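Structure record follows, encoded as structure tokens.
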Amino acid sequence: FVDLSDNRISGAARPVAALGEVDSGVEVWQWPRGLAPGPLAAVSSKDFMPSCNLNFTLDLSRNNLVTIQQEMFTRLSRLQCLRLSHNSISQAVNGSQFVPLTGLRVLDLSYNKLDLYHGRSFTELPQLEALDLSYNSQ
């Protein structure tokens, strides 16, 4: 489980390809210069999404993310749960953003400013079981 919530991350993260994967599929990430995340929040059981395997969960909620780019999720095909809630994501979700996440089962995009015009936005997620789009408005 990687919890990067409640930071001031405002750019796109990129995976460190040279380090590859660490134990149980958890990947090591390097943040672009100038985007040093603050201390990680304490993790408790109430913070976890109910059916998520902790080894395959990424929490980027409560940051300053404005866009979602496909490159953010390169080599994360085994990720099962992704939390992007309480950000400032205001782009049109057209379907290409989540292509690498073929194993994603739970996606939380609540409390953003998403444009949900595209009817096929989440068809690239064949394993998706739960999608939270609540409280999205311009």
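Collect the residues in region 78-99 that are farther than 11 Å from THR57 by Cα, surrounded by fewer than 18 Cβ atoms within 10 Å (Cβ to Cβ) and in contact with a helix residue (DSSP H, G or I) (Cβ under 8 Å, 6 or more places away or on another chain), keeping them in residue-number order.
Once the filter is applied, which keeps residues that are farther than 11 Å from THR57 by Cα, surrounded by fewer than 18 Cβ atoms within 10 Å (Cβ to Cβ) and in contact with a helix residue (DSSP H, G or I) (Cβ under 8 Å, 6 or more places away or on another chain), region 78-99 yields SER96, VAL99.
Under 6 Å between Cβ atoms, at least 6 apart or on separate chains: pull out the pairs that start in region 115-135 with a residue that is within 20 Å of THR102 (Cβ to Cβ) and end on any residue that is exposed (fewer than 11 other Cβ atoms within 10 Å of the Cβ) and at pLDDT 85 or above.
none
Examine region 86-107 for a residue that is modelled with pLDDT of 60 or more, in contact with a Pro (Cβ under 9 Å, 6 or more places away or on another chain) and assigned to a strand (DSSP E or B), and state whether such a residue exists.
yes
The values are calculated or read from the model by the stated rules, or taken from the named source; none is laboratory data. Quantities reported herein were computed from a predicted structural model and do not represent experimental measurements. Ideal geometry is used to build each Cβ from the backbone, glycine not excepted, and the neighbour counts take in all protein chains shown.
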